[in-house]
Amino acid sequence: MTLKRTLVALLLALAALCFVAGCAERSRGLLAADYTKMSNDDLQRYYDRLNDEIDHEEIPPGPGFGIGIGMGMFEHGVGGALGAGTTGPRYVARDLRMRRSDVRRELESRGLTP
């Protein structure tokens, strides 16, 4: 029975890692764009996409309840933990926020309103 729980916990951890990696890949695509060479219209659309991505990354899917699962190996065995609480932002999209600030300054330098 313990082996079964361990395998389930490992599979859940792997699924969570894949989800986070997918979100990070999408953000990297936005951060790779060279906004200084964009036309005014493209720059405005890029700014809007940054806002949308920040909203997507930082706002949880809905209000409610979150569950966390943890595992650890000890000297004489394996242990697990289950935690629960209210959901909050998954993380702060710091790189996206910094890029949005840079793009806002670029828009303003071109005389455009973000």
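The values are calculated or read from the model by the stated rules, or taken from the named source; none is laboratory data. Quick caveat, the model's predicted, so the values are computed rather than measured. Here Cβ is always computed from backbone atoms with ideal geometry, including for glycine, and neighbour counts include all displayed protein chains.
The test for being small (Gly, Ala, Ser) and either outside any strand (DSSP E or B) or at pLDDT 70 or above (or both) holds for Gly88.
A quick yes/no check of all residues on (1) touching a helix residue (DSSP H, G or I) at 6+ places or on another chain (Cβ under 7 Å); (2) modelled with pLDDT of 90 or more; (3) under 30 Å from Arg5 (Cβ atoms); (4) not in a strand (DSSP E or B):
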residue: Leu43; (1), (2), (3), (4): yes, yes, no, yes
residue: Asp52; (1), (2), (3), (4): no, yes, no, yes
residue: Gly62; (1), (2), (3), (4): no, no, yes, yes
residue: Gly68; (1), (2), (3), (4): no, no, yes, no
residue: Met71; (1), (2), (3), (4): yes, no, yes, no
residue: Ala81; (1), (2), (3), (4): no, no, yes, no
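Restricting the first member to region 27-53 and to residues that are under 16 Å from Thr113 (Cβ atoms) and hydrophobic (A, V, I, L, M, F, W, C), and the second to residues that are modelled with pLDDT under 95 and surrounded by fewer than 16 Cβ atoms within 10 Å (Cβ to Cβ), no beta-carbon pair is closer than 6 Å while six or more apart or on different chains.
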